[in-house]
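Any read-out appearing in this document is the output of simple, stated calculations on the displayed coordinates, not a laboratory observation. Predicted model, so just to flag it, every value in this text is computed and none were measured. No Cβ is skipped: glycine too gets one built from the backbone with ideal geometry, and neighbour counts run over all protein chains shown.
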Amino acid sequence: MLGGCGSMNAMIYIRGNRVDYNDWAAEGADGWAYEDVLPLFTRSENNEQFSNAFHGRGGPLNVTQVRDVDPVSHALVDAAASIGIPRNDDFNGERQEGTGQFQVTHRNGMRWSTAEGFLRPVRRRATVTVRTGAQVTRIVLEGDRASGIELKAGQKLERISCSGDVILCAGAFNTPALLQHSGIGPAEHLRAIGIEPLVDLPAVGNHLMEHPIAYTNYELAGKRQGLFDAEDPKHLIKWLLRRRGKLTSNIGETGTHIRTDPAMPGPNFQLLFSPAYFMEHGLQSWDAPAASIVASFIAPESRGSVRVRSADPLRKPAVQLNMLSTDTEMQQMVDAIELAREIAAAAQTAGVLGAEMNPGPAVRTREEITAWLRANAQHTYHPACTARIGSETDGVLDPQLRVHDVQGLRVADTSIMPTIIRGNTMAPAVMIGERCAELIRAPHSSNEMPAPALAAADSGLLT
Ligand SMILES: Cc1cc2nc3c(=O)[nH]c(=O)nc-3n(C[C@H](O)[C@H](O)[C@H](O)COP(=O)(O)OP(=O)(O)OC[C@H]3O[C@@H](n4cnc5c(N)ncnc54)[C@H](O)[C@@H]3O)c2cc1C
């Protein structure tokens, strides 16, 4: 599948919070403050709803709202508003906090992936070659310069050389794994598993950050169906004929960004409202209409790691998420579950929700919630920071996305984030791609960030 996780994700378009980027810059990521990255976000965007200083029109990435939001999703926004959470029409605008409808990467009632938006228009260009069914096994280094890559297609090992920069964008698990397989990483570990260390960079694969998540579930009251009957052929017909109805849903249609402590610099939770039963990544099901209020912890501190376990590049790396390893994080997670329950109680009073299934009536005290979270919290598919911008001791890249001590090698994916942002990670991944495109156009030795981003129409990305 082309397009990476953006071709299978929940399509929520969120950039995070301005404090995230200002923190990056304050920690040394020059050129990555909010005002620096905002033009990169707007440049790639074609927002169907908003046209203002925070949003772009004419870019390759289509952003809109789910067409036919389920009444249950709206009712949960009303319930949140009824307990004092302010409404917010645009989580990517002036402020992120509040409750409302998510923006999504959709077009005409369908997913609009980066493969659709960016790749398809240029795929036939003579300068573009797309290889599928091939796995990159390492970056080839000649001295301290990246001179190309090696890939495996079937049984065949091929080498592709490169006179410009090699751009590594294999995602937050596979980017550090590929660096390590190429001899770039913690020397001691590499030696121990039989890989010759070429560049000793201890932080490759460190600082893995994720958003812990927990799902609360409720039955729907009355005759409400939510998405329970979405597989009925009548909804398929509606979608096929008009691209409308339940099959246009991204499941997490509305939600809230809140801080559980007003002293915090930004929201620490995203609550997602879904008109469906959602538990254990969708592996569990429920035999009646249901809704979910899902708490995603968007400002965690815990760090994990990604380490290759053998010299065989086809073996998967070991991923240690290490989430919720501090008590403060766990306490915030419990606060969020209590808040989710408050919103649910308002929706029960309004006659929208019925009984709670998860955590369930047996889980009441903070201690019981903690134990339930230890058994049921999950990850949100937002891994980041494993090849982060930072110094040579605690980072992998300079702010121009160049790997320390290696010439001609840059990284452009969520692994570059110094710390994880307060939101879903696809919009920032696209923004990072925009920045990388600017950088590779700039003169090679430049240590300056390029001049303000070009408008989408001038960027050459649109044909
Ligand atoms: C189920 C799910 C739901 C999500 N929901 C949302 C959401 O609603 N909103 C949101 O903003 N984010 C969401 N995310 C996260 C978001 O999609 C990712 O953070 C983002 O797409 C990451 O982009 P990336 O470019 O860093 O990495 P990826 O999208 O992982 O891209 C890496 C690419 O590299 C390829 N690759 C890796 N290793 C190799 C190799 N050795 N050789 C060749 N190719 C290789 C992969 O096949 C892939 O195409 C979700 C993710 C998942 C999985």
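Things to note:
- Picking from residues in the range 1-39 that are of a type in the set (D, E, K, R), over 26 Å from residue 251 (Cα atoms) and buried (at least 18 other Cβ atoms within 10 Å of the Cβ), the one that is nearest to the ligand (Cβ to nearest atom) is 20.
- The conditions of being basic (Lys, Arg) and away from the ligand (no atom under 14 Å from the Cβ) are met by residue 57.
- Residue match in the range 44-52 (condition: small (Gly, Ala, Ser) and without any contact (Cβ under 8 Å) to a residue 40 or more places away in the chain): yes
- Restricted to the range 394-419, and to residues there that are within 10 Å of the ligand (Cβ to nearest atom) and touching a residue at least 40 places away in the same chain (Cβ under 8 Å), the residue that is farthest from residue 148 (Cα to Cα) is 417.
- Residue list for the range 255-313, restricted to those being part of a loop (DSSP other than H, G, I, E, B), buried (at least 19 other Cβ atoms within 10 Å of the Cβ) and within 14 Å of the ligand (Cβ to nearest atom): 278, 298, 308, 313
- Test result for residue 253, under 22 Å from the mean Cα position of the chain (by Cα) and among the acidic types (Asp, Glu): yes
- From the options 312, 327, 335, residue that is without any contact (Cβ under 8 Å) to a residue 24 or more places away in the chain, of a type outside the set (Val, Ile, Thr) and closer than 24 Å to residue 265 by Cα: 327
- Filter result for residue 237 (part of a loop (DSSP other than H, G, I, E, B) and hydrophobic (A, V, I, L, M, F, W, C)): no
- In the range 155-189, of all residues being polar (S, T, N, Q) and more than 10 Å from the ligand (Cβ to nearest atom), the one that is farthest from residue 395 (Cα to Cα) corresponds to 155.
- Subset of the range 107-131 (residues that are among the basic types (Lys, Arg), part of a strand (DSSP E or B) and away from the ligand (no atom under 13 Å from the Cβ)): 107
- Set 133, 154, 171, 148: member being touching a Pro at 6+ places or on another chain (Cβ under 8 Å), surrounded by fewer than 20 Cβ atoms within 10 Å (Cβ to Cβ), in contact (Cβ under 8 Å) with a residue 12 or more places away in the chain and closer than 30 Å to residue 316 by Cβ: 171
- When the range 377-390 is filtered for residues that are more than 16 Å from the ligand (Cβ to nearest atom) and within 15 Å of residue 415 (Cα to Cα), only 390 remains.
- Residues that are out of contact with any strand residue (DSSP E or B) (no Cβ under 7 Å at 6 or more places or on another chain) and within 11 Å of the ligand (Cβ to nearest atom), drawn from the range 132-154: 132, 153
- Annotation for the range 85-106: no member residue is buried (at least 22 other Cβ atoms within 10 Å of the Cβ) and assigned to a helix (DSSP H, G or I).
- Residue in the range 398-414 that is among the β-branched types (Val, Ile, Thr), in contact with a helix residue (DSSP H, G or I) (Cβ under 9 Å, 6 or more places away or on another chain) and within 24 Å of residue 11 (Cβ to Cβ) present: yes
- Hits in the range 61-79 - residues which are over 20 Å from residue 278 (Cα atoms) and surrounded by fewer than 24 Cβ atoms within 10 Å (Cβ to Cβ): 62, 64, 65, 67, 78
- Where a residue in the range 221-235 is in contact (Cβ under 8 Å) with a residue 12 or more places away in the chain and of a type in the set (D, E, K, R) and its partner, wherever it lies, is outside any loop (DSSP other than H, G, I, E, B) and crowded, with 18+ Cβ neighbours inside 10 Å, with Cβ under 8 Å and at least six apart: 224/72; 229/235; 229/246
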